[in-house]
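Novice: Here you go, one structure.
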Amino acid sequence: MDRLESYPLSIAPMMDRSDRHFRFFMRQITRHTLLYTEMITSPAIIHGDRQKLLGFSETESPLVLQLGGDNPLDLAECARIAEDFGYNEINLNVGCPSDRVQNGNFGACLMAKPELVAKITEAIQKAVNLPVSVKHRIGVDDLDSYSHLANFVRIVSSTGVKYFTIHARKAWLQGLSPKENRTVPPLRYHDVYRLKQDFPHLDIEINGGITNIPQVQEHLKEVDAVMIGRAAYDNPFLFATADRDIYGVDVTPPTRAMVVEKMLPYIDYWVGKGLKLNSITRHIFGLFTGIAGAKNWRRYISQYAYKPGAGAEVIQGALDEVSQRW
């Protein structure tokens, strides 16, 4: 099944980060970069509050739903539900090494079970008319050779899946925390490059340790797409030039002040519905990373966002604090 269109740059699914408020915020910085939900498990979707879990605004599109689980029938049902919600793509998590996924026997555990992953992707593809992709590691525990990685991709792609996002580190299921698994295992970019050479008919996206647009441009010489994770959260404004420099759109990059101004009515809307302001402000904390006034921005928000009745005026006040340094 072909992807709807080419997306050479994406922002990774991040647990407790990639909610609808973060995604709306990022859309004020980049219109074309592909966005993901955080991983949502199949039991949560089947038995939980679907509107709360899956609801999103059209502004967030193009948007991929990342699913977690190991039951082909359940995941196929979740994909059907997601298609009805209007998602652009379904992604299967085969890379998360947390205790939660280990207890559920999914995420990075599935790297050792390519035949099961193939059954899952086959079931999802039969259930929906959406592109289906897989996000995984280069290996897990001692199953970390290039031949194992290539065999995994060969088996899964035999079902028709064409799009693979590879975190260029292996995962240790024991001994490392999820945070350590993002930093401690060494990056092996060349294994991902080799995968593209050996499977030229597949779309290969690289992930791991990438923190700026020049690095993205270098990786795009070897692979089809690049995914940025935590750097997107810590320094979101690095995407300000993405539409122009990666997607080739003739557009003037926004300023930080423009991004803030666009967030104000959004904040008013959600606070008016009873949402606590810090549910949104936690995502925009890093907007001024690296420039004079960043500490003022963070300090002002930290001081006032938690107060009862706090709304968009807090963000306007924080912007005024930063502007005094320009």
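The values are calculated or read from the model by the stated rules, or taken from the named source; none is laboratory data. What you see is a predicted model; the values in this text were computed from it and never measured. Counting neighbours? That spans all protein chains shown, and the Cβs are built from the backbone with ideal geometry, glycine included.
Novice: Given the condition among the polar types (S, T, N, Q), closer than 22 Å to Thr211 by Cα and not assigned by TED's automatic domain parsing to the domain that holds Glu60, answer yes or no: does some residue in segment 282-298 qualify?
Specialist: For segment 282-298, residues among the polar types (S, T, N, Q), closer than 22 Å to Thr211 by Cα and not assigned by TED's automatic domain parsing to the domain that holds Glu60: present.
Novice: Continuing with the same structure: For the structure I just gave you, tell me whether Leu275 is free of Cβ contacts under 8 Å to residues at least 60 places away in the same chain and not in a helix (DSSP H, G or I).
Specialist: yes
Novice: What residue, of Glu89, Glu122, Glu83, is in contact (Cβ under 8 Å) with a residue 24 or more places away in the chain and more than 19 Å from the chain's Cα centre (by Cα)?
Specialist: Glu122
Novice: List the strands (runs of 3 or more DSSP E) that sit entirely inside segment 154-271 and contain at least 2 residues that are buried (at least 18 other Cβ atoms within 10 Å of the Cβ) and aromatic (Phe, Trp, Tyr).
Specialist: So the answer is 163-167.
Novice: Further question on the same structure: Which condition number in (1) at positive phi; (2) surrounded by 18 or more Cβ atoms within 10 Å (Cβ to Cβ); (3) not hydrophobic (A, V, I, L, M, F, W, C) is the one that His136 fails?
Specialist: Unmet condition: (1).
Here is a yes/no grid of residues against (1) farther than 21 Å from Phe288 by Cα; (2) in contact (Cβ under 8 Å) with a residue 40 or more places away in the chain; (3) of a type in the set (A, V, I, L, M); (4) in contact with a strand residue (DSSP E or B) (Cβ under 7 Å, 6 or more places away or on another chain):
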| position | (1), (2), (3), (4) |
| --- | --- |
| His190 | yes, no, no, no |
| Asp198 | yes, yes, no, no |
| Ile206 | yes, yes, yes, yes |
| Glu218 | yes, no, no, no |
| Gly229 | no, yes, no, yes |
| Asn235 | no, yes, no, no |
